[in-house]
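Written below as structure tokens is the structure these notes are about.
What follows is calculated from the coordinates using simple rules that are stated; it is not laboratory data. Source: prediction; values computed, not measured. As a convention, Cβ positions derive from the backbone with ideal geometry for all residues, glycine included, and neighbour counts pool all protein chains shown.
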Amino acid sequence: MADDVLLQLDRVGKTFRSGLLGRRVEAVREVSLTLRRGESVGYLGPNGSGKTTSIKCILSLIQPSRGAIRLFGKPPSDALARARVGYLPESPYFYDYLTPHEVLDYVGRLYGIDRGTRKKRVPMLLDRLGLAQAMHRPLRGFSKGMLQRVGIAQSLLSDPDLLIYDEPLSGLDPIGRKEVRELMVDLRKEGKSLFFSSHVLTDIETLCDSVCILDRGVAVAQGRLSELLLADRLESEAVIELAADAQEAAIAVLTSVPGAVLCERAGAVVRLRVPTPRVPELTQRALEVQAQLRELAPRRDSLEELFMRKAVHVQEVGGAA
Ligand SMILES: Nc1ncnc2c1ncn2[C@@H]1O[C@H](COP(=O)(O)OP(=O)(O)OP(=O)(O)O)[C@@H](O)[C@H]1O
Ligand SMILES: [Mg+2]
């Protein structure tokens, strides 16, 4: 495997047996993906689509039933590979009589970080996460947002290359979300690679280069966000200025191009949407009616639309959970 591939899943699947009758739950049917150094991959899917289950497989917290996972080219159980990953679980759990400082110091010891380094690094990280005032207070009574920050501080202790966060922005208020989002942007700038799940599409759009959409345990759409959004629906948008006279007739000519739709009209300026392969025909028609093509651009589908089309039927039946 190339050195710059930090994470690779090859047809990973996980089947649980649950209940007294051992009912089979296909939590993850088939997921393949690759994350390269410096990339940020968003893992998207409705409730119960298998995000947490696959993340647990990546971290070797559970064993996949099928397929192969490679972390830094090694099996996920490899301690050295695992030490290069910072993990934030879906609901971080800490003993609530401990303080953030004690938690981080303890975890640092487990990582084998020496005392001198811990003494500098623990307060520095807690300060970075806005917990300087609270670092010696017991976690009992901390808000969800504060606990999330303790979890993030802990994930950064070993200065890992790859951060795997399960719903890092869930349960935070708008200010907390903004702060954590900005922190994640900064971590990317520092060269960390990111793999995180989220329900919030705008967060994925701002933080990721690539996305993987899960639908009932199957990766149904994946790739670079910019390409996915363009390729998924091959439509272009044209802004055309009509000649002064016979505007209604000109519009009729333009919309006679198969698939063309008039989206907006402001006086002599119209905005049309047309299947991209029909763009030459549209420009030809525009010439015929002496209209001027002002703008022409591929239409960028929003991630929201893509998500709804790819995974909405899961939500229609109430999720797989
Ligand atoms: N230990 C388990 N035993 C049996 N079924 C399980 C187990 N863990 C998860 N599942 C089931 O596997 C499916 C996927 O769950 P998972 O938690 O991975 O989804 P998710 O995408 O993380 O959902 P959410 O967005 O709600 O966090 C669900 O149907 C869930 O009920
Ligand atoms: Mg989950």
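Values for this structure:
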read-out: Distance in nm between pseudo-label sites at Ile175 and Met308 (7 Å out along the Cβ direction from Cα); value: 3.3 nm
read-out: Pair Val218, Gln133: separation of 7 Å Cα→Cβ label points (nm); value: 5.2 nm
read-out: √(5λ) per eigenvalue of the Cα gyration tensor, the chain, largest first, Å; value: 47, 24, 18
read-out: Burial ordering of His199, His101, fewest other beta-carbon atoms within 10 Å first; value: His199, His101
read-out: Rounded FRET efficiency, nearest 0.05, which uses the C-beta distance separating His199 from Leu262 and R0 of 45 Å; value: 0.80
read-out: Sorted by Cβ density within 10 Å, fewest first, the residues Met146, Met308, Met184; value: Met308, Met146, Met184
read-out: Inter-part distance where segment 93-159 and segment 6-35 are each reduced to a Cα centre, Å; value: 32 Å
read-out: Relative contact order of segment 234-298, defined on C-alpha pairs under 8 angstrom at six or more residues apart (%); value: 51 percent
read-out: Relative contact order of the chain, defined on C-alpha pairs under 8 angstrom at six or more residues apart (%); value: 20 percent
read-out: Interchain or long-range residues, amide H under 5 Å from Leu163's placed H; value: Gly86, Ser193, Leu194, Phe195
read-out: Over 21 Å between alpha carbons, listed pairs Lys14/Lys51; Lys56/Lys119; Lys74/Lys119; Lys14/Lys56; value: Lys56/Lys119; Lys74/Lys119
read-out: Candidate lysines for bridging to Lys189, where Cα separation is under 25 Å - those fewer than 8 sequence places away on the same chain excluded; value: Lys120, Lys178
read-out: Computed label-point distance, nm, for sites Ala249 and Thr15 using a 7 Å Cα→Cβ extension; value: 6.9 nm
read-out: Gain on full stretching of the segment that runs from Ile62 to Val25 - 0.36 nm per residue minus C-alpha separation; value: 11.8 nm
read-out: Segments 62-74, 8-20, 155-167 sorted - mean Cβ within 10 Å per residue, highest first; value: 155-167, 62-74, 8-20
